[in-house]
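Every number here is computed from the coordinates shown, using simple stated rules; none is lab data. Not measured: the values here are computed from a predicted model. Don't worry about glycine lacking a Cβ; one is built from the backbone with ideal geometry, like all the others, and counts go over all protein chains shown.
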Amino acid sequence: MSKRFYFQKNNNSRFPRNTRSNAEVLKAILAVQLVEKSNKIESETVYNPQYRFDDFPVSDLLKKNINDKNYLTPLPIQDKCIPEILNGRDVIGIANTGMGKTAAFLIPLIDKVFKDKTQKVIIITPTRELAAQIDDELSSFTKGMNIYSALCIGGVNINRQKNDVRRNPNFVIGTPGRIKDLIRGRVLFLSQFNNVVLDEADRMVDIGFIDDIKYFISLLSPCRQSLFFSATVSGKVQEIIRGFVRNPVTISVVQKDSRDNIDQSLIKVESHGRKTDQLQKLLTQEGFNKVLIFGRTKHGVQKLTNELVKRGFKAGVIHGNKRQSQRQRVLDQFKKNEIDILLATDIASRGLDIEGISHVINYDIPATFEDYIHRIGRTGRVNNKGSAITFVE
């Protein structure tokens, strides 16, 4: 029987980088426990929304599309942001991933574009997967509305994206690197956009896009509505905010820690040679219905995927060596339950919003505690329950 250690958690704590020692890991976790016990905070009461989606002054066709998605009662970030965006305000939205930010900005912007087709929207986000998810969400909200988008991300042919942008779509959704390519190629002109969204801004700063974001802001028209969404606001993020929004309303959704919905545990690895065997025992247990497994390296997750497939599991993998079309195909298979297990590097620790993930397994220890938080946040989303398991050697 594998030995499990249960532990608490805190955003300000870190795992040691390049951890190899089990003692180091347990020491870090013990420190987290002590901080958590000394800073016990009572959970917030259940949020009572002020509106229903039918209450918002948006077009009837958009309301129908919202209703077709079975959206009835807004989540807190939606309830607070949508009225302000509809009123034309710049908004700073602070909320963790998985709390409904995408609909919070898409719904009012879609209504704005539907009522005035001269409006153009650009949405900049840190990862290809998140950009693709936003584009999919946009498509579901805009059925029958003659609203079009261009998805501009790396890993796929840029010439097709150039053609899509030249068709003058209402929405352009992309990642910083590809947007920069299109700007330098004189295909995309940010001065033409009167609505701009920076989504997951803290993540863009974390992975080194701060100079690109400042460059984009310098090219924007001063006559614009600017929407800024982030989970945290560091000093560097504050730099971006100062140059981006004008007289904004700040909306911070403070709820009980979403990790309270996640049962977290550690498993002591009996021996390195038997680690895969221990993983197999877990995956064959009842309740492991839809599992996301994180590894440290591209080579490592590919090798583990090959081994799991060899052992009869329906598994797929995404990492930086995969073409975007391959990554998207595997994600679609996971979403449609054609495969039960998705393996990934930290490319998937932010932005993936896949319904029904029952377990997140950290096969390899993450580099930092922040990385750990983002990994396990793929389960237990929007008040659902989830489980996170970390292997410790």
At R0 = 30 Å the Cβ-Cβ FRET efficiency linking Gln119 and Glu338, nearest 0.05, sits at 0.20
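Please compute the length gained on full extension between Asp60 and Tyr47, using 0.36 nm multiplied by the number of residues separating them and subtracting their Cα-Cα distance. The partial results should precede the final answer.
Values: separation 13, 0.36 × 13 = 4.68 nm, distance 2.68 nm.
So the extension gain works out to 2.0 nm.
For Asn321 and Asn157, what is the calculated FRET efficiency with R₀ set at 30 Å and r taken between the beta-carbons, to the nearest 0.05? Before the final figure, lay out the partial values.
On the way: r = 18 Å, r/R0 = 0.60.
After rounding, the FRET efficiency stands at 0.95.
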Expressed in Å to one decimal, the Kirkwood Rh of segment 53-252 from all distinct alpha-carbon pairs is 16.8
Where a ≥ b ≥ c are root eigenvalues of the Cα gyration tensor, a/c under 1.5 meaning rounded, otherwise prolate if a/b exceeds b/c and oblate otherwise, segment 153-291 counts as prolate
Here the gain from full extension of Arg186 to Arg296, 0.36 nm per residue of separation minus their alpha-carbon distance, amounts to 35.8 nm
Taking a ≥ b ≥ c as the square roots of the eigenvalues of the Cα gyration tensor, with a/c under 1.5 meaning rounded and otherwise prolate when a/b exceeds b/c and oblate if not, segment 290-393 is rounded
Toy charge model, Lys and Arg Cβ at +1, Asp and Glu Cβ at -1: segment 41-178 dipole around Cα centroid in debye, rounded to 20, equals 780
For the table Lys64/Lys385; Lys80/Lys112; Lys69/Lys115; Lys290/Lys310; Lys69/Lys180; Lys180/Lys322, the rows whose alpha-carbon distance is greater than 24 Å are Lys64/Lys385; Lys69/Lys180
